[in-house]
Amino acid sequence: MAEHKTEQTKSSVNAFISSIENERRCRDADVLIQLMSKLTGELPRMWGPSIVGFGSYHYKYDSGHEGDSLIVSFSPRKQNLVVYIMPGFSDCAHLLEKLGKFKTGKSCLYINKLDDVDLSILSELIDDSVTKMRLRYS
């Protein structure tokens, strides 16, 4: 069976955030930690070397592959902040059109800096994602 690429670790979130060289990225990470903690009611945990996650769920595919993953998370990469919206964006157009400047991948929201987006809309997007994940995996 394939090894899980992203697993929860015992690494310190504070040490990871403190190691970020870009001051703006560090401040943005602090804002996301406060926001995601409030929306999930969960403490931040490191998943792998560079993802800060909140909550988890257990999945099992028909193939038998199973594991644990994050309900919501982010990674403060050098190029941008990546917010992982696990259900994806297929029914979020009404929020995305009001969010601001961003790009998306399958379940990744790429933001250069939090000043580029409306934090209240980002909060709605994250809250919606958390609700969907908890309903799907409860």
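Couplings 3J(HN,Hα) of the stretch 94-111, computed from phi: 4, 7, 4, 5, 9, 5, x, 8, 6, 9, 10, x, 4, 9, 10, 10, 9, 10 Hz, in residue order, whole Hz [Karplus 6.51 cos²θ - 1.76 cosθ + 1.60, θ = phi - 60°; x for Gly and Pro]. Dipole of the chain computed with +1 at Lys/Arg Cβ and -1 at Asp/Glu Cβ about the Cα centre; of 63, 126, 108, farthest Cα towards the positive end is 108.
Taking every C-alpha pair closer than 8 Å and separated by at least 6 residues, the mean separation divided by the residue count of the chain gives a relative contact order of 21 percent.
Taking K and R as +1 and D and E as -1, what net charge do the other residues with C-beta under 13 Å from the C-beta of residue 136 add up to?
Values: positive: 60, 132, 134; negative: 128.
Taking every Cβ under 13 Å from that of residue 136, the sum is +2.
Simple point charges give the picture: +1 on the Cβ of Lys and Arg, -1 on the Cβ of Asp and Glu, and for the chain a dipole about the Cα centre of about 200 debye.
Just so you know, all these numbers are worked out from the coordinates, no wet-lab data involved. Keep in mind the model is a prediction, meaning the values are calculated, not measured. Positions of Cβ are generated from backbone atoms using ideal geometry, with glycine treated the same way; all protein chains shown enter the neighbour counts.
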